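Structure, as structure tokens:
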Amino acid sequence: GKLVSSLIFDSICKNDVLKYCHSMSSTVKIISNSDLIGKNEYDKISLLTDTVNDCYQTKKSILCITDISNLINFSDLGNQLYYSNSILQTLIAILKGASPFGNKITIVLINDNEIINKFLYKYVDLY
């Protein structure tokens, strides 16, 4: 079965979500904007997959990604949307995937872009 639970939060409540994540007794990993500085597409995919694999090593983990727009290199230029499809597909695979070890991971996505929120809700079974 699916052992990944995912949540999307608006960036307005970002600090509250981060405080809550740290208050849990679970292992908490955070991918923030500062982790993405100077990283190309391949490096971002590697950071994402390595962090998720680290989370799966413990029984119960929380992964918090603080800016999906920045992670996928999103930009909205008029009628055209630009983003990294390979990073987005990696993120979707992680959100839809099950743990290879049977351990649970909660993924918290923090985002302030309504277009990305609608896309994720449409194409990923978030609950």
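Taking every DSSP beta bridge that has both ends in segment 25-127, the antiparallel portion is near 20%. Pairs of C-alpha atoms in segment 70-120 farther apart than 13 Å represent 66 percent of all such pairs. Extension gain, Phe101 to Asp43, is 18.4 nm, computed as 0.36 nm per intervening residue step minus the present C-alpha separation. Taking every protein chain into account, the accessible area of segment 40-86 amounts to 53 square angstrom per residue (probe 1.4 Å).
The values are calculated or read from the model by the stated rules, or taken from the named source; none is laboratory data. Since the structure is predicted, the reported quantities are computational estimates derived from the model, not experimental observations. Keep in mind that these areas ignore ligands, DNA and RNA; they rest on the heavy atoms of the full protein, side chains included. Shrake-Rupley method; radii C 1.70, N 1.55, O 1.52, S 1.80 Å.
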